[in-house]
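Step one of this worksheet: look at the structure below.
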Amino acid sequence: MVREKWNDIFPRYLTFISHMRPILRETRRIISDLDPDLLMDLEILDKIRQEEEKRNIRKVRALSEFSAMYRTNVYEIIKDFILKYRERIPMIDIKDYIIDFLQESIDALTILQNITNPDEKNFNNTYLYKLVKFIEEIIFPRGRSVQEIYEKALKHAPRFYECQRHLLMPHTHYREKLDNPDFFMIPGMTPNVYKLINNITSLFNLDPNYGNSSSEEKIEIPMILKNEVFSPFIDSIANAEEEAIDKIAECFGLEVVDGIFLAPRKDFLLILKTNNFLRELKQSDNTIRLIPQFSNETLILYYLAFASFRRGFLSKELINWITMNFAFLIYMGILKWKLSEENIFYSIFKDLQTNEKVLPYLMKLICFPNYLGLDKTKIRDSPQYRKEIFNFIGAQIDNLKDLIIEIAEYCNTLEN
């Protein structure tokens, strides 16, 4: 397998952005030169667009088709805006609005075009590096231990827990093979695994067993029967997931004891005690019983911390999902920063055809060691797969929108 280098991927990332920006700049110049009254005649705009297409024929078919599509969309948006408001707003004001919206869009593309350096020099001063690190600290933090990462994630959980959980749940989870012979591979969370978490939490909080701690004398730790975790899902849960219980338990900070129990591992016990997710109950024989008082969030944040700490062992689907989310958040954060809410060209930036031309290469750049440090060779290049994974954009969770606003505000501080 040929390993792509930074200077192989970055030019591909630029390919379509470098064609979008000139189209908007030329359109802005044309609209600026037109008399406002001429904008009333929409046929003039059609003729201008057709002339521009003839003048800008490209040799590469893919670029030619994309440029024609992009230019057509730009002009159609302008025509729709004129039709909608020409009876209510003076044409000179409509013209000014269009010019302002175009300039905002050009500014956004300028940032995207210069998001990083072609040679990766001075990478820590680039928007890409700073934005990756800003997002990473909130939803996929780094640390020297699982506990350190857990504490960082927990700090941001009150505001962005939904994003943190979303990052672990690939929409393409059905492609995962949990009975994969590679025991060290960390998969994304499936809906069935999420049900297991809910059941594990309930069993620990409502009806746990207790056993002696292997690391501390006179300490009893909570345990649950492994079979009780799976019995409610006997008809619906995949056999592969039950067979992979050791792997799943490790991701939750649990371990199998005596072949029949699930109990918190030593490192997870420390996290639970540190954050008061275990209550100490002193018994008559002077032993201390640790009573669970945690939620699904407690286990999911451990899963997140564990995956981040061992990010070199993530499954292909999880890597694609994480990098897709990071690329999407960076892209939308920059748009939120540069485009006003009423900008008529927002839709063209969010269009699936635009996203699938730009985001896949941004995903690969994000994987490099100085950024997320993920295996970029696992990024799928299939156009069909891109469309499949980008479908989540239309169903983004509200908490992602909150994070996009946070990213836009952070971008403001970078500019100032």
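The values are calculated or read from the model by the stated rules, or taken from the named source; none is laboratory data. Quick caveat, the model's predicted, so the values are computed rather than measured. Here the Cβ positions follow ideal geometry from the backbone for every residue, glycine too, while neighbour counts run over all protein chains shown. Quick note on the areas: whole protein, heavy atoms, side chains included, nothing else; ligands and nucleic acids left out. Shrake-Rupley method; radii C 1.70, N 1.55, O 1.52, S 1.80 Å.
Filtered by the rule that a residue be of a type in the set (Ser, Thr, Tyr), over 12 Å from the mean Cα position of the chain (by Cα) and in a helix (DSSP H, G or I), the stretch 300-335 gives Tyr302, Tyr303, Ser308. When Trp337 is tested against the conditions (1) more than 18 Å from Phe160 (Cα to Cα); (2) open to solvent by 10 Å² or more (accessible area, probe 1.4 Å); (3) in contact with a Lys or Arg (Cβ under 8 Å, 6 or more places away or on another chain), the lone failure is (3). Across the stretch 108-116, not a single residue is classified as in contact (Cβ under 8 Å) with a residue 24 or more places away in the chain and open to solvent by 50 Å² or more (accessible area, probe 1.4 Å). Scanning the stretch 295-311 for residues that are open to solvent by 20 Å² or more (accessible area, probe 1.4 Å) and within 14 Å of Leu254 (Cα to Cα) yields one hit, Asn296.
Going by the structure shown, is Leu254 of a type in the set (A, V, I, L, M, F, W, C), modelled with pLDDT of 85 or more, out of contact with any Pro (no Cβ under 8 Å at 6 or more places or on another chain) and on the phi < 0 side of the Ramachandran plot? Judged against the criteria, Leu254 is not a match. Checked against (1) more than 16 Å from the chain's Cα centre (by Cα); (2) at pLDDT 90 or above, Pro181 passes all but condition (2). So, in the stretch 254-294, exactly how many residues are touching a Phe, Trp or Tyr at 6+ places or on another chain (Cβ under 7 Å) and β-branched (Val, Ile, Thr)? Of the residues in that region, 1 qualify.
Against the test of being within 23 Å of Ile111 (Cβ to Cβ) and either open to solvent by less than 70 Å² (accessible area, probe 1.4 Å) or modelled with pLDDT of 90 or more (or both), the options Pro90, Pro11 yield a single qualifying residue, Pro11. Scan the stretch 267-287 residue by residue and report those that are within 23 Å of Tyr302 (Cβ to Cβ) and of a type in the set (Asp, Glu). Once the filter is applied, which keeps residues that are within 23 Å of Tyr302 (Cβ to Cβ) and of a type in the set (Asp, Glu), the stretch 267-287 yields Asp267, Glu280. Candidates are the residues of the stretch 41-78 that are at pLDDT below 85 and of a type in the set (A, V, I, L, M); the one that is surrounded by the most Cβ atoms within 10 Å (Cβ to Cβ) is Leu63.
Filtering the stretch 23-40 to residues that are surrounded by 14 or more Cβ atoms within 10 Å (Cβ to Cβ) and under 18 Å from Asp107 (Cα atoms) leaves Ile23, Leu24, Arg25, Glu26, Thr27, Arg28, Ile30, Ile31.
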